[in-house]
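What follows is a set of notes on a single structure, which appears directly below.
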Amino acid sequence: MSVVLAEVRSLGTARRLRTAEELEDFEQELVDQFALAQAGAGLTDGVVGSYRSVVFEFVRFLGRPVWTTRAEDVDRFLTDQRKRGRAASTVYKKAGTLAAFFDFLVVRYQGDIHAVTSYVVEQPVDEFNRPSNPDCVALRVPPSQDEVDILFTAWREALPHARKFLPAARDYMAASLWRRAGLRITETVMLDIRDWRPDLGERGKLHVRFGKGSRGRGHKPRLVSAINDVDALVEWWLIDVRHQFGPDWSDPDAPLLPSERRDRDTGLCVRVGDDALRSGLAGAVGRWLPAWVGRLTPHGLRHFCASSLYTRGMDLKAIQEILGHEWLSTTTRYIHVHANHVEHAWETANQRVASRLGQ
């Protein structure tokens, strides 16, 4: 659904605001101008809409005009968010949205706001109340290679005996894509049958059409090479399993990973949801890798994929391309190596030097 923005007057025509209605209209105009700026920067309608909803949520919490906000007001808002049980990542994102909104007001409209309200708007999100990023390295360190092998070996061997084979095989397939190709969960859910392109490259490629764009700027498609046994994994899925979900197995526009639920009109399976895939991984971890219950997530397997490929000798630029990162610095945060990696790298470098000297 597209975000509909109100028609706003020029904020440069500063005049005193006298009635409550005028104050409310002016506040609405500020939020709309912020949304217009975000849309101008290329953010999608969904992201712009989420920013607006956060700002309005804060305004309702504040209970007075937004330009009167002080740091202690944001303190109370963020504390209330935590008391309501909001996830740390949600609180972090809301604080970032408020910081961006007030930066916008200060840079563009501080003079106008002072002229019509007598208030000097300030940035209330500072180094003291800004939450730390919960997506830190310590929370994303994946299991070891041996642990992941134990999990997926036991999971694979249990598939023929699963009470409901089809969803069990589907969940295993999705988790294997996270482990081997580093796909995001949304990218996995949105794959269609036609997105498997065995004709491209030596091993085939997955066309990830719904890759995550940077800073909310829409989807960023990419082709992911079917290395790391991804080609064999997809062939197993398409040849041995997918047709058991229904007759749409030959339809290129059908979902690669379907749900057991049926569409009321067509009778065909609908696309699986991310909650089902998360639950499938959580159940497998609880059964075969209990030490990682509550810690190993789909994104954790994405980190494992990056670390595993790097440990096996793949360079960072290639891993960046596989994961679909815009910046190489982002990829480096996904690399978690064993404690002896530095020593091994040192020994390898010395061996190369000794070989050159010997020649």
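List of remarks:
- Output for the range 222-248, where each listed residue is surrounded by fewer than 20 Cβ atoms within 10 Å (Cβ to Cβ), touching a strand residue (DSSP E or B) at 6+ places or on another chain (Cβ under 8 Å) and either in contact (Cβ under 8 Å) with a residue 60 or more places away in the chain or over 29 Å from G40 (Cα atoms) (or both): R222, S225, L238, G246, D248
- Only one entry of A318, A345, A284 meets the criterion of being farther than 20 Å from H207 by Cα and modelled with pLDDT under 95, and that entry is A345.
- Which numbered condition I193 misses (of (1) modelled with pLDDT under 95; (2) in contact with a Ser or Thr (Cβ under 9 Å, 6 or more places away or on another chain); (3) of a type in the set (A, V, I, L, M)): (1)
- Among residues of the range 14-64, those that are assigned to a loop (DSSP other than H, G, I, E, B), in the same structural domain as V74 (by TED's automatic domain parsing) and of a type in the set (G, A, S), counted: 3
- Applying a threshold of 7 Å to beta carbon distances and a minimum spacing of six or more residues, or different chains, the list of pairs starting in the range 262-273 at a residue that is at pLDDT 85 or above and ending at one that is in a loop (DSSP other than H, G, I, E, B) and among the acidic types (D, E) reads V270/D263.
- The condition of being within 22 Å of the chain's Cα centre (by Cα), at pLDDT 95 or above and surrounded by fewer than 19 Cβ atoms within 10 Å (Cβ to Cβ) holds for only one of H219, H207, that being H207.
- Conditions (1) closer than 27 Å to V54 by Cα; (2) in the same structural domain as F245 (by TED's automatic domain parsing); (3) out of contact with any Leu (no Cβ under 8 Å at 6 or more places or on another chain); number of the one not met by E202: (1)
- Residue count for the range 286-336, restricted to those that are β-branched (V, I, T) and more than 16 Å from R179 (Cα to Cα): 3
- Residue ID - nearest to Y92 (Cα to Cα), chosen from residues in the range 141-181 that are buried (at least 18 other Cβ atoms within 10 Å of the Cβ) and modelled with pLDDT under 95: P142
- Here L151, L98, L159 are screened, and the one residue that is under 22 Å from F58 (Cα atoms), in a helix (DSSP H, G or I) and touching a residue at least 12 places away in the same chain (Cβ under 8 Å) is L98.
- Residue in the range 66-81 that is within 16 Å of G96 (Cα to Cα), in the same structural domain as L98 (by TED's automatic domain parsing), among the β-branched types (V, I, T) and not in a helix (DSSP H, G or I) present: yes
- Scope the range 107-128; condition in a loop (DSSP other than H, G, I, E, B) and hydroxyl-bearing (S, T, Y); matching residues: S118, Y119
- Count of residues meeting criterion [surrounded by fewer than 18 Cβ atoms within 10 Å (Cβ to Cβ), part of a loop (DSSP other than H, G, I, E, B) and in contact (Cβ under 8 Å) with a residue 24 or more places away in the chain] in the range 284-326: 1
- Pick from the range 97-115, criterion of a type in the set (A, V, I, L, M) and surrounded by fewer than 19 Cβ atoms within 10 Å (Cβ to Cβ), ranking: modelled with the lowest pLDDT: A115
The values are calculated or read from the model by the stated rules, or taken from the named source; none is laboratory data. For clarity, every value in this text was computed on a predicted model and none was experimentally measured. Note that we place each Cβ from the backbone using ideal geometry, even for glycine, and neighbour counts take in every protein chain shown.
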